[in-house]
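The values are calculated or read from the model by the stated rules, or taken from the named source; none is laboratory data. The structure displayed is predicted, hence computed values, not measured ones. Cβ coordinates were reconstructed from backbone atoms using ideal geometry, including for glycine residues, and neighbour counts include every protein chain displayed.
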Amino acid sequence: MILKTKTYHINIHSRRRFIIAFSLLFFLLIISLVEFLPFSKYQWSSFILFILVVVPAYLGSRYLALGKIKVLLSDKGLAHFWEKRFILSWQKNFKISKHRLVRCHIKEERLFDIIQIDLDDKKRYSISRIVLYGKQNDFYRLANDLHSIINTLKYQ
């Protein structure tokens with residue numbers, strides 16, 4: 001099977017970084033707003049306070065957990081190149097040969113969609129993205145192409 005090289009540009013999100021950043025930002029914003037804003041006896045003020053905390057915490061943690069990758073899929077395998085790394089991340093670019101690819105499936109969770117690729121040495125390569133942010137990129141196109149390529153490799 002001869003496959004021309006396909007390029008995919010994907011915005012990925014680190015679940016661990018997102019949860020840690022959201023928790024820290026949420027509690028820091030709550031503490032600072034409670035400390036510096038006057039309270040009133042009206043219930044709408046607590047709702048506004050909640051919005052003033054959740055929205056910046058979500059947007060800030062989404063930014064801190066965002067990375068951009070370029071995935072090249074060719075007849076040699078899969079190559080992962082960082083276009084923008086996560087904050088405080090020193091991960092390197094890497095390649096996976098096509099013979100190491102065993103299975104590919106999409107795992108859909110409440111907040112994240114995850115492409116998981118099982119490798120022959122029981123390791124997993126996964127790409128995740130936040131579902132709430134609906135910007136379209138090549139995420140599902142990569143999942144479909146990987147699934148079909150792995151299936152054709154199995155039956156060769």
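Checked against the criteria, Leu119 does not count as at negative phi and in contact (Cβ under 8 Å) with a residue 24 or more places away in the chain.
Taking the stated definitions as given, is Leu64 surrounded by 13 or more Cβ atoms within 10 Å (Cβ to Cβ) and either hydroxyl-bearing (Ser, Thr, Tyr) or farther than 22 Å from Asn11 by Cα (or both)? Considered against the rule, which asks whether it is surrounded by 13 or more Cβ atoms within 10 Å (Cβ to Cβ) and either hydroxyl-bearing (Ser, Thr, Tyr) or farther than 22 Å from Asn11 by Cα (or both), Leu64 comes out as no.
Tell me yes or no: at least one residue of segment 62-81 is among the polar types (S, T, N, Q) and within 23 Å of Ile19 (Cβ to Cβ). No; the residues of segment 62-81 include none that is among the polar types (S, T, N, Q) and within 23 Å of Ile19 (Cβ to Cβ). When each of Arg124, Arg110 is tested for being under 20 Å from Ala65 (Cβ atoms), loosely packed, with under 13 Cβ neighbours inside 10 Å, touching a residue at least 12 places away in the same chain (Cβ under 8 Å) and not hydrophobic (A, V, I, L, M, F, W, C), the lone residue that passes is Arg110. What are the residue pairs meeting all of these: first residue in segment 76-88, first residue under 13 Å from Ile117 (Cα atoms), second residue of a type in the set (S, T, N, Q) and in a strand (DSSP E or B), Cβ atoms under 7 Å, and 6 or more apart or on different chains? Hits for this filter: Gly77/Ser97. Taking the listed residues Val53, Val71, the one that is modelled with pLDDT of 80 or more, farther than 30 Å from Leu119 by Cα and either under 25 Å from the mean Cα position of the chain (by Cα) or of a type in the set (Phe, Trp, Tyr) (or both) is Val53, with no other qualifying. Of the residues making up segment 67-81, those that are in contact with a helix residue (DSSP H, G or I) (Cβ under 9 Å, 6 or more places away or on another chain) and of a type in the set (A, V, I, L, M, F, W, C) number 3.
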